[in-house]
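All remarks here apply to the structure that follows.
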Amino acid sequence: MMPPQTAGAMTFDSPPSHPKLWLDAVNEWFTTVDHKRIGMLYIGYALVFLLIAGLEAAVMRIQLAVPNNHFVSPQVFNRMFTMHGTTMVFFVGMPILFGFGNYLIPLMIGARDMAFPRLNAFSFWISAFGGLLLYFSFIGGDGLYGAGTAPDVGWFAYAPLTAKLFSPGHSTDYWILGVFLSGIGSVGTALNIVTTIVCMRCKGMTMARMPLLPWLYLVTSAMVFIAIGPLTAAQMMLGFDRFLGAHFFDVQAGGSAVLWMHFFWIFGHPEVYILVLPAFAFANEIIPVFSRKPIFGYSAMVGATVLIGFISLGVWAHHMFTVGLGPAGNTFFTLATMIISVPTGIKIFNWLATLWGGKIRFATPMIFSIAFLFQFLIAGLTGIMLSAAPFDWQLGNSYFVVAHFHFVLVGAILYMIFAAFYYWFPKMSGKMLSETLGKWHFWLFTIGFHLTFDFMHIPGLMGMPRRIYTYEADRGWAVWNMIESIGMIFQAAAILIFVWNVVRSYRHGEEAGPDPWDAWTLEWSTASPPPHYNFAEEPVVHSRRPLWDLKHPQAPDSDYE
Amino acid sequence: MDWEGKVNAVQEPGKGMHAEHTASLHLPAPTVWPMVLGLGITLIAAGLVTNETISVLGLVLSSMAAVGWFRNVLPREKQEQITVPVSAEAAAQASAQPFRSPHTPVLVRPAYSFVSGIEAGLAGGAAMAIIAIVFSWIKFHSLWYGINLLAAGSFIGWTDAPDSFLSQFHPQGLLAALAIHALVSVLVGLLYGAMLPIFPRKSLLTAGLIAPLLWSALACSMMKVVSPILSERMNWWWFVLSQVAYGLVAGAVINLRVKVRSAEFQALPFATRAGLHTDAKIGKDEGRR
């Protein structure tokens with residue numbers, strides 16, 4: 001039900017509301033091809049999986065909180081870290097970012113929908129069903145350990161652990177099929193995003209005037225095309241090994257375990273950038289609005305994004321230094337990994353330059369964004385450390401690596417997802433999220449995040465290997481693990497506050513109006529939530545900040561671009 | 001009131017317009033088939049780890065969804081009509097000329113004919129056969145060499161048979177070669193019939209040279225993998241010549257039937273040339289939407 005947006009006769013962007021049966025509402029969501037609803041389906045589904053993956057992380061942290069703990073069995077622990085990693089990457093990160101892309105891109109470029117609305121719906125549903133199939137493994141299949149058959153081979157499912165001999169039953173098959181199905185959806189959505197951006201921009205919106213968010217999604221989608229293919233191929237090969245007796249990864253029959261590693265990381269490392277580029281995209285929209293300045297270095301930001309996309313395709317084997325790549329491989333992948341910090345650094349400097357001299361408003365989206373800047377810098381620095389092959393030989397597969405990539409995935413990506421949620425929730429729902437609860441969410445989560453992941457570096461440096469089930473008390477890891485687990489409690493409390501904020505604000509929140517942040521891109525020019533058709537008339541833009549031009553006709557950006 | 005006026009009205013309540021005009025636009029209608037297809041494919045996969053009947057159910061659902069989806073977009077896309085407020089100018093324009101979505105079907109002009117494709121295939125096949133016979137006569141003083149070489153695709157033992165054997169008449173060879181040649185010629189003719197109207201510019205060049213060269217290159221490289229012995233026996237220059245003859249004749253037949261080289265046909269929008277039903281008078285800007 002969409003309320004009227006403005007006083008008087010200005011009700012043109014809000015369709016009439018009629019009471020609906022709940023069955024009609026369900027039917028509308030199941031049959032929708034509207035990009036906004038599909039975007040919200042993606043986001044809602046990802047949030048549910050975020051809670052599930054969070055619970056799995058909590059189980060791991062309880063298990064590791066004290067030495068010699070047996071809170072869960074080793075088998076369950078293996079399933080927890082496998083499902084946590086798989087869920088966070090494939091069923092939280094990808095769908096939530098695609099959800100925001102789906103919702104925002106047509107609105108930002110002045111289009112009425114995505115280029116292929118039905119493909120859009122199909123992409124969502126097949127991804128969603130892939131996730132459900134993966135989780136069905138907990139209750140379905142052969143009952144390998146008498147308590148379900150959830151995958152337990154780690155989120156990157158290294159061979160030969162995935163061979164039938166070492167992974168009997170169907171647990172690994174569920175992993176293959178669930179992730180395979182989500183890959184189909186990812187490629188479909190990427191195709192839609194590219195076509196929409198290339199073909200459906202409104203009048204006046206040249207590529208040079210396009211907001212940075214669609215730009216970054218364009219590069220992300222191109223990377224999806226390249227990265228998903230090798231993973232899908234490798235999964236099919238693994239499926240052939242397991243179902244048809246092929247030997248692609250069977251080392252005893254002439255196959256190669258290292259081949260899987262190459263295939264997986266040719267997907268896996270670009271995947272990190274596939275996840276982080278949309279987070280950058282959110283920062284590109286939020287930081288200028290709350291600094292009251294246009295983004296610094298628009299062209300450099302676009303160029304850096306394209307460079308990151310390109311270089312990220314050539315760094316995968318830094319995940320494999322411990323395999324023994326030889327001098328040439330070590331040198332190439334060390335250099336390539338270090339070089340990617342250059343365009344990434346350009347972005348950080350540009351965000352800082354945008355903040356510099358700005359009239360900064362510390363609203364919840366902005367404080368999450370500022371924390372992102374700091375934490376992503378830390379993640380980048382530990383990344384550079386790990387890019388040096390000799391350093392990686394010492395710390396590869398340790399908790400130092402776990403801490404590093406959680407700084408990327410949580411400290412950068414999840415923080416920007418929260419920022420995006422606070423920033424665009426008013427557009428999606430028509431209601432403001434509570435700033436007070438938002439601040440509680442931010443501070444509790446930040447305290448928890450730093451307790452957990454700052455201190456996780458230390459046992460890693462002391463030699464604690466990742467995926468370890470439990471440890472002896474004399475290793476000296478206990479105090480650090482206890483601190484990490486206490487951090488988890490803060491994070492869990494923060495997430496509960498976030499969920500409460502969403503539910504409460506959706507029902508009783510303050511009306512947002514069309515443009516609560518005094519922003520500049522096209523999505524803020526229509527009602528909140530936007531009508532089905534987005535814009536009654538096709539927008540016409542003359543600069544990168546069309547709403548600034550309208551609000552300030554005496555000094556429009558179009559005079560200076 | 002244009003778009004900018006509307007935005008100002010949204011941003012500043014009270015200053016908005018009070019006289020409202022409306023028009024209708026069309027958006028894709030909701031459909032359940034994408035979800036059903038996603039479920040069907042998932043169930044096909046789930047059958048691998050549960051029970052075969054689940055895969056069968058998935059296959060049935062996927063087939064139903066594929067048909068349902070197809071019927072949702074062809075011959076005409078199902079859309080829902082939405083009334084929206086527009087500016088006075090747009091409303092006046094709409095009353096003078098009814099609003100049409102870029103997807104609204106107005107002109108139905110079939111550009112593709114199965115019959116012309118079959119005719120083109122048969123005519124091209126005949127031209128190709130003539131070149132093959134000429135080749136056989138010049139190189140082996142026999143009408144049958146080329147025919148038997150084609151038949152070797154069906155009779156594996158003929159692949160490394162001596163030239164003298166392939167130069168003789170074999171009724172089973174003639175039947176096999178005729179079947180292979182007719183089938184492939186008609187299929188390629190249908191492809192030509194579909195493709196040339198879609199890409200009408202320089203159609204004879206496409207049909208008579210570019211396509212034959214591409215196909216010959218593909219056939220040559222594949223033959224080396226599929227049957228190296230047969231590949232060595234092929235005279236690829238003559239093969240290319242026969243393909244060019246096929247392409248020129250088949251292209252000419254398509255052109256005669258569909259008039260793809262006419263200015264009127266070439267002026268049609270891509271979607272119409274591609275056989276989709278659409279508005280022939282669609283404007284450049286509308287086409288982008």
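Taking the criterion of being more than 24 Å from A:Phe421 (Cβ to Cβ) and within 14 Å of chain B (Cβ to nearest Cβ), would at least one residue in region A:461-468 satisfy it?
No; the residues of region A:461-468 include none that is more than 24 Å from A:Phe421 (Cβ to Cβ) and within 14 Å of chain B (Cβ to nearest Cβ).
Please verify whether region A:199-208 includes one or more residues that are crowded, with 23+ Cβ neighbours inside 10 Å and touching a His at 6+ places or on another chain (Cβ under 9 Å).
no
Taking the condition of being more than 20 Å from B:Leu143 (Cβ to Cβ) and of a type in the set (Ser, Thr, Tyr), how many residues in region B:164-196 meet it?
1
Got a number for residues in region B:21-52 being facing chain A (nearest Cβ under 7 Å) and among the hydroxyl-bearing types (Ser, Thr, Tyr)?
3
Condition check: buried (at least 20 other Cβ atoms within 10 Å of the Cβ) and away from chain B (no Cβ under 14 Å). Does A:Ser528 satisfy that?
For A:Ser528, the condition - buried (at least 20 other Cβ atoms within 10 Å of the Cβ) and away from chain B (no Cβ under 14 Å) - is not met.
Can A:Pro294 be described as assigned to a loop (DSSP other than H, G, I, E, B) and either β-branched (Val, Ile, Thr) or over 24 Å from A:Thr322 (Cβ atoms) (or both)?
Considered against the rule, which asks whether it is assigned to a loop (DSSP other than H, G, I, E, B) and either β-branched (Val, Ile, Thr) or over 24 Å from A:Thr322 (Cβ atoms) (or both), A:Pro294 comes out as yes.
Can you tell me which of A:Phe264, A:Phe225, A:Phe243, A:Phe248 is away from chain B (no Cβ under 13 Å), over 26 Å from A:Thr322 (Cα atoms) and of a type in the set (Phe, Trp, Tyr)?
Selected residue: A:Phe225, the only one of A:Phe264, A:Phe225, A:Phe243, A:Phe248 that is away from chain B (no Cβ under 13 Å), over 26 Å from A:Thr322 (Cα atoms) and of a type in the set (Phe, Trp, Tyr).
Starting from region A:329-348, take each residue that is closer than 17 Å to A:Val408 by Cα and list its partners that are outside any helix (DSSP H, G or I) and at pLDDT 90 or above, counting only C-beta distances under 7 angstrom and pairs at least six apart or across chains.
If the second residue must be outside any helix (DSSP H, G or I) and at pLDDT 90 or above, the pairs left are A:Thr337/A:Val315; A:Ile340/A:Val315.
Within region A:515-542, which residues are in a loop (DSSP other than H, G, I, E, B) and over 23 Å from A:Pro365 (Cβ atoms)?
A:Pro531, A:His532, A:Tyr533, A:Phe535, A:Ala536, A:Glu537, A:Glu538, A:Pro539, A:Val541, A:His542
Can you find even one residue in region A:498-511 that is within 14 Å of chain B (Cβ to nearest Cβ) and in contact (Cβ under 8 Å) with a residue 12 or more places away in the chain?
Yes, that holds for at least one residue.
Please give the helices (runs of 4 or more DSSP H) falling wholly within region A:372-478 in which 2 or more residues are under 20 Å from A:Phe490 (Cβ atoms) and modelled with pLDDT of 95 or more.
Result: A:399-406, A:415-429, A:435-461.
Can you confirm whether A:Gly154 is within 14 Å of another protein chain (Cβ to nearest Cβ) and touching a residue at least 60 places away in the same chain (Cβ under 8 Å)?
no
Taking into account only those residues within region A:209-224 that are out of contact with any Leu (no Cβ under 8 Å at 6 or more places or on another chain) and within 26 Å of A:Thr86 (Cα to Cα), which is surrounded by the fewest Cβ atoms within 10 Å (Cβ to Cβ)?
Across region A:209-224, the extreme among qualifying residues is A:Ala222.
Within 25 Å of A:Asp557 (Cβ to Cβ), under 23 Å from the mean Cα position of the chain (by Cα), buried (at least 16 other Cβ atoms within 10 Å of the Cβ) and not hydrophobic (A, V, I, L, M, F, W, C): is that true of A:Pro343 in this structure?
So A:Pro343 does not fit the description; no.
Could you say whether any residue in region B:48-66 is touching a Lys or Arg at 6+ places or on another chain (Cβ under 8 Å) and on the phi < 0 side of the Ramachandran plot?
Within region B:48-66, not a single residue is touching a Lys or Arg at 6+ places or on another chain (Cβ under 8 Å) and on the phi < 0 side of the Ramachandran plot.
Check every one of the helices (runs of 4 or more DSSP H) wholly within region A:58-137 and list those with 3 or more residues that are crowded, with 21+ Cβ neighbours inside 10 Å, within 14 Å of another protein chain (Cβ to nearest Cβ) and out of contact with any Leu (no Cβ under 8 Å at 6 or more places or on another chain).
A:94-109, A:117-136
Consider only pairs whose beta carbons are under 7 Å apart and that are at least six residues apart or on different chains; among these, list those whose first residue lies in region B:20-41 and is within 22 Å of A:Phe180 (Cβ to Cβ) and whose second residue is of a type in the set (Lys, Arg).
As it stands, the answer is B:Pro34/A:Arg118, since those pairs meet every condition given.
For the list (1) without any contact (Cβ under 8 Å) to a residue 40 or more places away in the chain; (2) among the small types (Gly, Ala, Ser); (3) more than 18 Å from B:Met128 (Cβ to Cβ), I need the number of the one condition that B:Ala177 fails.
Status for B:Ala177: all satisfied but (3).
Can you say whether A:Gly229 is under 19 Å from A:Tyr273 (Cα atoms), out of contact with any helix residue (DSSP H, G or I) (no Cβ under 7 Å at 6 or more places or on another chain) and at pLDDT below 95, as far as the supplied structure shows?
It is true that A:Gly229 is under 19 Å from A:Tyr273 (Cα atoms), out of contact with any helix residue (DSSP H, G or I) (no Cβ under 7 Å at 6 or more places or on another chain) and at pLDDT below 95.
Of all residues in region A:348-362, count the ones that are within 22 Å of the chain's Cα centre (by Cα) and crowded, with 21+ Cβ neighbours inside 10 Å.
Residues meeting the conditions: 1.
How about region A:43-88: which of its residues are over 26 Å from A:Val479 (Cα atoms) and hydrophobic (A, V, I, L, M, F, W, C)?
Scanning region A:43-88 gives A:Ile43, A:Ala46, A:Leu47, A:Val48, A:Phe49, A:Leu50, A:Leu51, A:Ile52, A:Met83, A:Met88.
Report yes if some residue within region A:486-508 is more than 26 Å from the chain's Cα centre (by Cα), at pLDDT below 95 and more than 23 Å from A:Arg292 (Cα to Cα); otherwise report no.
There is at least one residue in region A:486-508 that is more than 26 Å from the chain's Cα centre (by Cα), at pLDDT below 95 and more than 23 Å from A:Arg292 (Cα to Cα).
The values are calculated or read from the model by the stated rules, or taken from the named source; none is laboratory data. Since we're looking at a predicted model, the values are computed, not measured. Cβ: placed from backbone, ideal geometry, glycine included. Neighbour counts: every protein chain shown.
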